[in-house]
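Please treat every number below as a calculation from the coordinates, not as lab data. Owing to the predicted nature of the structure, the values given are computational and were not obtained by experimental measurement. Here the Cβ is made from the backbone with ideal geometry for all residues, glycine too, and neighbour counts use every protein chain on show.
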Amino acid sequence: MSSKNIITVLEDGPLQLEGDFHIYDTIGQLVEHEEQAMLCRCGASKIKPLCDGSHETVGFKDCCQIDSRHDESPEVHTTLVVSCRPNGMLVAKGPMTIMGPDGHSKAVRNKAALCRCGESRNKPFCDVSHKKVGFVDDALGSETETDVL
Ligand code: FES
């Protein structure tokens, strides 16, 4: 079964969110958005967590094979909450279907850690590469990140 909250992984680009969702930035402030929101996953946006098109400038590449080995049964429909960990991952909590751009590759989750530094080897999921590459969210400078879901 799929969720009404859809995260589509766009090829060589951002995560597209649709459905019932809220996004919080690294300091816990609600991010305003339209019916859809585009979240940066290349690490280069100047308006994180949103995409500003910088993925094209930096030549971000990802062909979006989605690992569905850890599929879960979606909870009763509730709001999907996406929070930015300081200098780290995006944490999504709530029912969601994560779709590849082909519409076939997908995963169903109630909780997911998503890459926003652009360096994970398991995109769109986080593999903690942000630590290795020293990812910095410009809004925060050098504050420490935490990786607890
Ligand atoms: S994915 Fe678009 S600016 Fe990063």
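Report, by residue number, each residue of region 51-66 that is closer than 22 Å to A107 by Cα, surrounded by fewer than 15 Cβ atoms within 10 Å (Cβ to Cβ) and not polar (S, T, N, Q). Across region 51-66, the qualifying residues are K61, C63. In region 118-129, of all residues being out of contact with any Asp or Glu (no Cβ under 7 Å at 6 or more places or on another chain) and of a type outside the set (D, E), the one that is farthest from P101 (Cα to Cα) corresponds to C126. Got a number for residues in region 23-32 being closer than 17 Å to M96 by Cβ and out of contact with any His (no Cβ under 9 Å at 6 or more places or on another chain)? Residues that pass the stated criteria total 1.
Within region 87-128, being among the polar types (S, T, N, Q) and surrounded by fewer than 18 Cβ atoms within 10 Å (Cβ to Cβ) holds for S105, N110, N122.
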